[in-house]
């Protein structure tokens, strides 16, 4: 073997105490100071029925019973106006009122939330189906799909979703405020009442 | 060697800290072990202007560097790992302080895509060499042709005429002149971190000098000479679509196949089908009929064994440049134009690793290094608890409701959660998670939501880190590795930066401490180390290295120790292929190839 090819001496440095080296190096660490503090704010809680392509669970206790809403359209979307008790007797609102239980609902997939105005009256069979589905969803993941032929919902239980819903940290009151912001009808001058009366502003 | 703790310095005044600043450059050729043979050295002291120019015979007479290398001095050298290897070759003790303009230039431009890669070479990879750095700072630079000619002259001769000697020494001096000019333009904001980088370059020099020991007899005398026959054997066996002509891949045949099968296939900007090995690998997840082709190309058919053979020295060690600080997160990216780093090759080939006589080769891995770093840095109590309680991916499965807390680990569920946990570090989309796990998009979205719920502190921190980086226009690892943030910086890069750059910090710390306290590191490999130890000191060396790795991890995470696992122990005269478990990745193929080579299966096949 030539001189150039001789084996390297693998012992490259004399032994030293690792802790002394670490003490020296530790002074180089810079604690990261995050001055930015973002706060994510919940700005939108949808109000409505769970769509037909998701499964849902309803919270067993977070609900508002004996509430009144009016279902209307805003463009192509459904809008549920929340009618406060004092306005229930208003002649333009009273015939349109729907008595509901507003239930906090978690949807799968994606763990989204919505406030679902579940009809309390069961005079229509579709309302009865909605009511039953919401009730069963307190324990199981359910799905509700409109069936044209039956003129009713098909209510089905999920085959194998074996995870529990994750509920939001915000209080139910906060969620109601966010969900119904601007659509709480609490006086006769509300734009929705004026619209129903045919008043052009 | 000092980390440079203590005095703080601002740009410029760092010079006052040192009594002497020696700019040093060696010219060298390579020996049969790919180690440098110093040809000459030029050094100039910055304050006094004193110079030293020595030819090889004069260098060999010295027992230490002919300039002050003590704590009050600093040695400046561009890509100093090469210069320090010359110190080794000459038997000189290392300088206490090293400042490397190659690294500090990277620090100055890291992430700034407006300056690097150069606007007229956007496809260029890697880091600026000396000439590039000079151009970047608008300093006069010699031509690349001149540099190439001189390099060839030095490398291709072992005796030089008086004229060549004069030219080489001039060239040597010019390199120092250039380094001095370059350093004058570099903003050394924090000399302590700069010296830390230099100290790491010393560790790299030690690691590059050692290299990975291989069974060179098997590799050079059995495997390499039969390489084409081995490739042909596998091609004949696995090339279901007849895309090869002998050992040559015929691209047109794959184009025809893609068209005939109606496969959706990614194309290059010029409209041609992408035929990279990685592309075929990804396509095989969509079209399983491509799996054997993907495996064939990745594992053997496209491997150029010569690139591995080129790294093996007469002493049986494989040495490949580690290319420190090569990635934006400060990690190494070992490679060279005509060389391949053995750990980057398919696992089956790692079987060739074999310690020298009387030694053991040991692989020590960090366990879930990146999750530990983000858990520690974010301070998320749930994530920290999950790391401390064992397997982070399984712990997440439990938190996500995919498994009962007291259930035994279900590896299928655990493996589904792994890409979710990794992906959430850098903002992987539900599409990415679905593709990785082969689960539905709905499942992926749900898992993302569950991860956010399980680790809210981490998610808040991750968002804050990204926002802070945008405000500061820079993001910095715990040990000072920084990335300049511009409008071009991807959010995902920022999300992942601290996990990767923190990992890089850990590797640097371990390399420094371990090599300085006498542990022989054969190679750092992403989040693992291969070390060599005499057989009679094996247990104590493993214990010491484990302790060093754990402590380094703890330093970076801010208190959370990163666990270390001994992944492999190979004792001479065995090689890794002799001791790997039969179900270890690549082991079956290692055995198969060896059987083919040794039992004549190749000849039969190649004559078919």
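No lab work stands behind these numbers, since they all come straight from the coordinates. For clarity, every value in this text was computed on a predicted model and none was experimentally measured. Backbone-built Cβ (ideal geometry, glycine too); neighbour counts: all protein chains shown.
Points worth noting:
- The overall shape of segment B:33-171, judged from the alpha-carbon gyration tensor, is oblate: a/c is not under 1.5, and a/b is no greater than b/c.
- Euclidean distance between Cα centres, segment B:228-298 to segment A:177-198, Å: 65 Å
- Tail weight of P(r) past 43 Å, computed on alpha-carbon pairs of chain B, percent: 27 percent
- Building the convex hull from the alpha-carbon atoms of segment A:123-201 and averaging its projection over directions returns 8.9 nm².
- Calculated FRET efficiency for the pair residue A:53/residue B:124, C-beta based, R₀ 60 Å, to 0.05: 0.80
- Distance cut-off 22 Å, percentage of C-alpha pairs in chain A lying past it: 62 percent
- Prolate/oblate/rounded label for segment B:64-104 (Cα gyration tensor, a/c 1.5): oblate
- Relative to its Kirkwood radius, the Cα radius of gyration of the protein assembly as shown gives an Rg/Rh of 1.07.
- Summary of the geometry: segment B:310-379 and segment B:513-547, compared by the centres of their Cα atoms, lie 13 Å apart.
- Other protein chain C-beta atoms within 10 Å of residue C-beta, averaged over B:461-472: 3.
- Structural descriptor for chain B: relative contact order 16 percent, calculated from alpha carbon pairs under 8 angstrom and at least 6 residues apart.
- Efficiency of FRET from Cβ geometry, residue A:200 and residue A:177, R₀ 35 Å, rounded to 0.05: 0.70
- Kirkwood radius, segment B:451-529, all distinct C-alpha pairs, inverse of mean reciprocal distance: 14.3 Å.
- Annotation for segment B:132-169 versus segment A:70-136: alpha-carbon center distance of 82 Å.
- Alpha-carbon gyration tensor eigenvalues x 5, square-rooted, for segment B:372-503, Å: 27, 17, 11
- Its DSSP H runs of at least 4 residues, each contributing -39,500 (n - 2.57), put the calculated 222 nm mean residue ellipticity of chain A at -5000 deg cm²/dmol, to the nearest 500.
- With each label modelled as a point 7 angstrom along the Cα→C-beta vector, the residue A:39-residue B:255 pair spans 6.1 nm.
- Translational D in µm²/s for segment B:302-444 (Stokes-Einstein at 20 °C, 1.002 mPa s, Kirkwood Rh from C-alpha pairs): 115 µm²/s
- Computed extension length for residue B:64-residue B:221: 52.5 nm, one decimal, from 0.36 nm per residue of separation with the Cα-Cα distance subtracted.
- For peptide A:159-169, the mean count of partner chain Cβ atoms within 10 Å of a residue's Cβ comes to 2.
- With a Förster radius of 41 Å applied to the beta-carbon distance between residue A:120 and residue B:408, the computed FRET efficiency rounds to 0.30.
- Against the empirical curve 2.2 N^0.38 Å, the C-alpha radius of gyration of segment B:439-595 lands at a ratio of 1.36.
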